[in-house]
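Notes follow once the structure below has been shown.
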Amino acid sequence: MGISDTDFATFCNISGFGSAEAEILSRVAKQVIPHIPELTDRFYEILARDELTAPYLRQSSLALLKNTHIDWMTELFCGNLDEEFISRQTRIGETHVRFRIPPIFVAASMSFLRAALPAVILQKVPDRSEASRAVAALLRLLDLCHYLLDSSYNDALMDNLGVSPALLVRLRTVVARPYLGA
């Protein structure tokens, strides 16, 4: 797996996502989870209308894709941020890589969810303070999931190019120097 315990801990420490945030998401689950299937349908309607994402949606597997998405979103509100959760996120990323789903689709999808899910929380959770804290926690968790999914793309890139993790980090942080030629 491309993410170490240290990476995970650093991400959670800096983002502010911890057990209190997982707990608040589990407290609002009853109000949010019933609306996840509708949100999933809307999400897949958008994917089906986009000329780049539509070819990835075979009608024969659409129900399975939607059910998998519903299960994933439901899990966000379960309150369990354990090793199995991290492993599932990594497997989802590996599946995206295996089916050659471009990273832009993951980023755009997460962007959709960062707008759509908070709207559901704000609409369905009557306690404004609780809703606000749940939205903040959810956005941190979606960022964490995005990071975990992206790690699968990084792993595939390193494997395909024979690049070590240290070299990949170095390549990403190289600063272009202006050409001062003659």
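No lab work stands behind these numbers, since they all come straight from the coordinates. Small disclaimer: the values here were computed from a predicted structure and weren't measured. As a convention, Cβ positions derive from the backbone with ideal geometry for all residues, glycine included, and neighbour counts pool all protein chains shown.
In segment 74-148, with Lys and Arg counted as +1 and Asp and Glu as -1 at Cβ, which of these residues, P126, N80, A116, has the Cα nearest the positive end of the dipole, that is, farthest along it?
Going by the charge dipole, the pick is A116.
Please report Rg (one decimal) and Dmax (integer) in Å for the Cα set of segment 5-172.
16.6, 52
How large is the dipole of segment 5-172 about the Cα centre if only Lys and Arg carry +1 and Asp and Glu carry -1, each at its Cβ, rounded to the nearest 20 debye?
400 debye
Please identify the chymotrypsin sites (Phe, Trp or Tyr not before Pro) of segment 57-163 that satisfy two criteria: DSSP loop assignment and at most 14 other Cβ atoms within 10 Å. Which are they?
Sites meeting the loop and neighbour criteria: F99.
Which value, in debye to the nearest 20, gives the size of the charge dipole of segment 29-86 about its Cα centre, when Lys and Arg are +1 and Asp and Glu are -1 at the Cβ?
260 debye
Report the one residue of L52, L65, T6 whose Cα lies farthest in the direction of the positive end of the charge dipole of segment 5-172 (charges on C-beta: Lys and Arg +1, Asp and Glu -1; origin at the Cα centre).
L52
Filter the trypsin sites (Lys or Arg not before Pro) in segment 1-88 to those in DSSP coil with at most 11 other Cβ atoms within 10 Å of their Cβ, and list the result.
Those satisfying the criteria are R58.
Count charges around R49 for me, please; just the other residues with Cβ under 14 Å from its Cβ, Lys/Arg as +1, Asp/Glu as -1.
-3
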